[in-house]
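Right, one structure below, let's go through it.
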Amino acid sequence: MSEQEQGEGQRLLRRHGTGQALGQRLRIILACAEPGATNLGVAMALGVSRQTVALWRGRFAARRLEGLVDAPRSGAPRRIDDDAVERLATLTLDEAPRQATHWSTRAMAQRSGLSQSAVSRIWRAFGRQPHRTETFTLSSDPACIEKVRDVVGLYLDPPDRALVLCVDEKPQIQAVQGPAPAHPLRPGQVQRTTHDDRRHGTLDLFAALDVKAGTIIGRCASHHRSAEFRTFLDQVEQSVAPDLEVHLVLDNLKTHKTTVVHDWLVQHPRFHLHFTPTSASWLNLVECWFSVLSRRRLERGAFTSTEDLETAICDYIAETNAHPKPFVWTKSADAIMASVARFCKQTSNSEPV
């Protein structure tokens, strides 16, 4: 092997996209390039047969590095040319079916003249999924950029001698119970529950997440008015060391901006409020904990009363505090706004705030 071929072989071997088969062939050829290397010695060193070493050594001698790539396999010629594939891709993006909101494989097969399986293969190859849809919301808050920088700054670089708490409510948590017990998980059968349920009331959960520690301050109430929120602030004030400044990350719910709350803040000057932009609750990390709570404790739970539901929530909060895991924010405010700007360019009638 020449020095250039050895360098190219080493580069291909280090590249992440190189397949295992090609990597093994490159190792065989590079080992054979060592002085005094024999087929048997290379085979024993790499754990392959001597015939394999001889095969790829001969391929390299005949076609150099190109000989290590698999030759085109025989098979039936393509019946769908590139023009037909391009036409199908264009139809999928530029046209809509009659009397329907999106294409199906059968409808597109009838429209394009291809088989349903061919349409399915082409859609998979190009990542087309007309049956799927996702939602998005762009904040219209005129102070969006300032609020994003303020909240993200608290996450990435919190002030000294201060505590950052993400605060929010999870309203209308239902205490529900199925009319029949759930069928447990069995081999070959997932857990089964009834499709209907019996409702026994609702609870509202106030929660404050200590971002750095991963602990939760929680309180259940029958409503989520400003009076209940003020009571929860009293609980937070009692739970936090008196020598710490407290920064609360909140959304723009009217409950957080009433006169009752304002008067409480005047009496407790160490508390500082930081509001997320409108339609940007994803900036509040306590929403992540709410998601975990719902998925792990509430969705499959059976609760005979609101007291039973409150006990389950409080037990889960105690479990969280006993084994806390910090919630780590990694994306900078500049990266977030750049991502929003790129999305706005792809969305009609949208401008970055």
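The values are calculated or read from the model by the stated rules, or taken from the named source; none is laboratory data. As the structure is a prediction and not an experimental result, all values here were calculated from the model. Cβ coordinates were reconstructed from backbone atoms using ideal geometry, including for glycine residues, and neighbour counts include every protein chain displayed.
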Please give the number of the condition Ile145 fails out of (1) modelled with pLDDT of 90 or more; (2) over 22 Å from Gly214 (Cα atoms); (3) of a type outside the set (Lys, Arg); (4) assigned to a strand (DSSP E or B).
(4)
Can you confirm whether the stretch 159-167 contains a residue that is assigned to a loop (DSSP other than H, G, I, E, B) and touching a Phe, Trp or Tyr at 6+ places or on another chain (Cβ under 6 Å)?
no
Identity of the residue in the stretch 279-310, closer than 21 Å to Val164 by Cβ and of a type in the set (Val, Ile, Thr), that ends up surrounded by the most Cβ atoms within 10 Å (Cβ to Cβ):
Val286
For the stretch 282-310: of the residues being part of a helix (DSSP H, G or I) and among the β-branched types (Val, Ile, Thr), which is farthest from the chain's Cα centre (by Cα)?
Thr306
Matching residues in the stretch 159-176 - criterion: being modelled with pLDDT under 90 and touching a strand residue (DSSP E or B) at 6+ places or on another chain (Cβ under 6 Å)
Val176
Just give me the residues in the stretch 33-45 being among the hydrophobic types (A, V, I, L, M, F, W, C) and within 20 Å of Glu8 (Cβ to Cβ), in sequence order.
Ala33, Ala37, Val42
Collect the residues in the stretch 211-265 that are among the small types (Gly, Ala, Ser) and touching a Lys or Arg at 6+ places or on another chain (Cβ under 6 Å), keeping them in residue-number order.
Gly214
Asp81 is checked against (1) exposed (fewer than 13 other Cβ atoms within 10 Å of the Cβ); (2) closer than 30 Å to Ile336 by Cβ and fails just one. What number does that condition carry?
(2)
Any residue at all in the stretch 182-196 that's under 30 Å from Gly153 (Cα atoms) and assigned to a strand (DSSP E or B)?
no
Flagged pairs (Cβ under 6 angstrom, 6 or more apart or on separate chains; first in the stretch 29-45, closer than 25 Å to Val69 by Cβ; second not in a helix (DSSP H, G or I) and not small (Gly, Ala, Ser)) are Ala33/Met1
Check the stretch 53-72 and report whether any residue there is of a type in the set (Val, Ile, Thr) and at pLDDT below 90.
yes
Any residue at all in the stretch 189-205 that's within 28 Å of the chain's Cα centre (by Cα) and buried (at least 21 other Cβ atoms within 10 Å of the Cβ)?
yes
May I ask you to list pairs of residues, at least six apart or on different chains, whose Cβ atoms are under 6 Å apart, with the first in the stretch 124-141 being under 25 Å from Ile336 (Cα atoms) and the second being modelled with pLDDT of 85 or more?
Thr137/Ser279; Ser139/Pro277; Ser139/Thr278; Ser139/Ser279; Ser139/Ala280; Asp141/Pro277; Asp141/Thr278
Give me a count of the residues in the stretch 171-209 that are in contact with a helix residue (DSSP H, G or I) (Cβ under 8 Å, 6 or more places away or on another chain) and over 19 Å from Ala302 (Cβ atoms).
5
With the first residue restricted to the stretch 252-269 and required to be on the phi < 0 side of the Ramachandran plot, and the second required to be part of a loop (DSSP other than H, G, I, E, B), Cβ contacts under 7 Å at 6 or more apart or on different chains are Asn252/Thr278; Thr255/His224; Thr255/Arg225
